[in-house]
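What follows is a set of notes on a single structure, which appears directly below.
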Amino acid sequence: MYEYPRCGTCRKAKKFLDAHSVAYTTQQIVQQPPSKPELAELVAKSGLPLKKFFNTSGKLYRELNMKEKVNVLSEDELLELLAAHGMLIKRPIVTDGVKVTVGFNEETFKEMWLV
């Protein structure tokens with residue numbers, strides 16, 4: 001799980017996983033953001049558009065005017081930005097190496113992680 005310890009959504013996800021005895025390890029997304037190749041792999045495995053990996057409610061997203069940039073920059077450039085700025089990444093990202101979820105939605109977590 002890529003997480004930010006002060007993130008309420010990350011805490012909810014961890015609480016859910018703990019309550020259902022789902023084992024996980026954490027990696028702090030700001031100190032150790034996923035690399036560009038790791039992000040590309042996460043996006044591919046998630047089946048989600050790259051835009052869904054951006055923390056659209058974050059301060060850095062607004063400061064960098066990402067609302068406009070996500071529509072004009074190449075996928076390569078967007079991955080580069082995410083890899084360079086962990087705070088731009090929507091969190092938590094949970095993966096088992098095969099499946100990937102982004103953010104926390106209880107129903108999605110039930111479907112993906114309680115099997």
Answer yes or no as to whether SER57 is among the polar types (S, T, N, Q) and modelled with pLDDT under 95. yes
Picking from VAL43, VAL115, VAL70, VAL98, which residue would you name as being over 13 Å from the mean Cα position of the chain (by Cα), surrounded by 13 or more Cβ atoms within 10 Å (Cβ to Cβ) and over 20 Å from PRO5 (Cβ atoms)? VAL70
Which of the residues that make up segment 30-46 are part of a loop (DSSP other than H, G, I, E, B) and modelled with pLDDT of 95 or more? PRO34, SER35
Failed criterion for ASP18 (all others in (1) open to solvent by 40 Å² or more (accessible area, probe 1.4 Å); (2) closer than 21 Å to VAL115 by Cα; (3) not in a helix (DSSP H, G or I) hold): (3)
Which residues, taken from segment 46-67, are open to solvent by 60 Å² or more (accessible area, probe 1.4 Å), in contact (Cβ under 8 Å) with a residue 40 or more places away in the chain and in contact with a Lys or Arg (Cβ under 8 Å, 6 or more places away or on another chain)? LYS52
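The values are calculated or read from the model by the stated rules, or taken from the named source; none is laboratory data. All values reported here derive from a predicted model rather than from experimental measurement. Reconstructed Cβ throughout: ideal geometry from the backbone, glycine too, with neighbour counts over all protein chains shown. Each accessible area value is taken on the protein alone, full model and side chains, heavy atoms only, with ligands, DNA and RNA left out. Shrake-Rupley method; radii C 1.70, N 1.55, O 1.52, S 1.80 Å.
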